[in-house]
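Everything below concerns the one structure shown next.
The values are calculated or read from the model by the stated rules, or taken from the named source; none is laboratory data. If you're wondering where the values come from, they're calculated on a predicted model, not measured in any experiment. Reconstructed Cβ throughout: ideal geometry from the backbone, glycine too, with neighbour counts over all protein chains shown. Ligands, DNA and RNA are stripped out before the accessible areas are found, and what is left, the full protein with its side chains, is counted by its heavy atoms. Shrake-Rupley method; radii C 1.70, N 1.55, O 1.52, S 1.80 Å.
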Amino acid sequence: MYVYGKNVAIETLKKKKKINKIILYKNFKDEEVLNLLTRCDAKVKYLEKYEMDKIVNGLHQGIILDVEDYKYATMNELLKIENPLLVILDHLEDPHNLGAIIRTCEAAGVDGIIIPKDRSVEVNATVIKTSAGTVDDVKIVKVTNIVNEINYLKKQGFWIVGTDMNGTNYKEIDYKGKMAIVIGNEGNGISKLVKQNCDFMATIPMNGKTNSLNASVAAGIMIYEAVSQRELG
């Protein structure tokens, strides 16, 4: 897997992840990155910018790292955490949204993210760059069926809160204890079956002309409300 960009490179190099190959712009001059590269024994290949542009479709800032594929966590790892706060993503498709949500989850202290295997964005180079390299600091689990996992979590004592335009004000819901927040698809929101299996449906009030929020923005609002309540006890 290729990851790229200075911030991602710095985080990757600091974590001493296995790096197969380093690709640098031949006039690369960032001292912090270059100093970190001296500790890495991977081979360095120097290229022109236009050659690097052909390797990745994004702003690489003169550095690309070939690293091992992302390793997903397991549900058992999440269930070992005491009173975890989880985020379930119901078939998100935009890697920028997933990356932004991962970054928010890491910043807020969310314990894990659950995504489906099919018809959903997975952890890729764009997600890693958008997350600013925080993807390795959040447990992400990939599951076969979201509804089955929701029902399994409920049997383990979790409360499941979905997001919808017609529901309870999100501030009026109790987020303490074992909790999972469901964020829907960018275009269609939460699927009908997932919605039917949620314990609560939360609504973020819209006071302007806009009647919906970007998935990552909605996730951020919900996550920080939950974290705020849980910190107050």
**Prompt:** Hey, what do the phi angles of the range 104-111 turn into as Karplus ³J(HN,Hα) couplings, whole Hz, using 6.51/-1.76/1.60 and θ = phi - 60°, x for Gly and Pro?
**Reply:** 5, 4, 5, 5, 8, x, 5, 7
**Message:** Within 12 Å, Cβ to Cβ, of ILE23, how many net charges do the neighbouring residues add up to if Lys/Arg are +1 and Asp/Glu are -1?
**Reply:** +2
**Prompt:** Longest span of the chain, sites excluded, free of trypsin sites (Lys or Arg not before Pro) in DSSP loop with at most 16 other C-beta atoms within 10 Å?
**Reply:** 120-175
**Asked** Once label points are set 7 Å from the Cα along Cα→Cβ at both LYS54 and LYS154, what is their separation, rounded to one decimal in nm?
**Response** 5.4 nm
**Item:** Per residue accessible area in Å² of the range 1-109, where ligands, DNA and RNA are left out and the probe is 1.4 Å
**Value:** 56 Å²
**Item:** Percent of Cα-Cα distances greater than 14 Å, calculated over the range 176-216
**Value:** 55 percent
**Prompt:** How big is the C-alpha Rg of the range 123-233 next to the rule-of-thumb value 2.2 N^0.38 Å, as a ratio?
**Reply:** 1.11
**Request:** Give me the percent of the accessible area of the range 130-233 that comes from carbon and sulfur atoms, probe 1.4 Å, all protein chains in place.
**Result:** 48 percent
**Members of LYS26/LYS71; LYS15/LYS176; LYS129/LYS195; LYS21/LYS80; LYS14/LYS129 lying beyond 25 Å, as alpha-carbon distances in this model show** = LYS26/LYS71; LYS15/LYS176; LYS129/LYS195; LYS21/LYS80
**Message:** For the range 128-233, give me the percentage of DSSP beta bridges that are antiparallel, rounded to the nearest 5 percent.
**Reply:** 10 percent
**Asked** What percentage of all Cα-Cα pairs in the range 19-120 are separated by more than 25 Å?
**Response** 43 percent
**Item:** DSSP bridge pairs, the chain: antiparallel proportion in percent, nearest 5
**Value:** 25 percent
**Item:** Accessible surface, per residue, of the range 117-216 when the full set of protein chains is kept, probe 1.4 Å, Å²
**Value:** 52 Å²
**Fill in**
Rounded to two decimals, the Rg over Rh value of the chain from Cα coordinates and the Kirkwood Rh reads 1.03
**Message:** At R0 = 22 Å, how high is the FRET efficiency between GLU186 and ASN20 if r is their beta carbon distance? Nearest 0.05 is fine.
**Reply:** 0.10
**Prompt:** Considering the zone a paramagnetic label at VAL217 would reach in this model (a point 7 Å from Cα along the Cα-to-Cβ line), which residues of the range 83-118 have amide N under 15 Å from it?
**Reply:** 97, 100-101
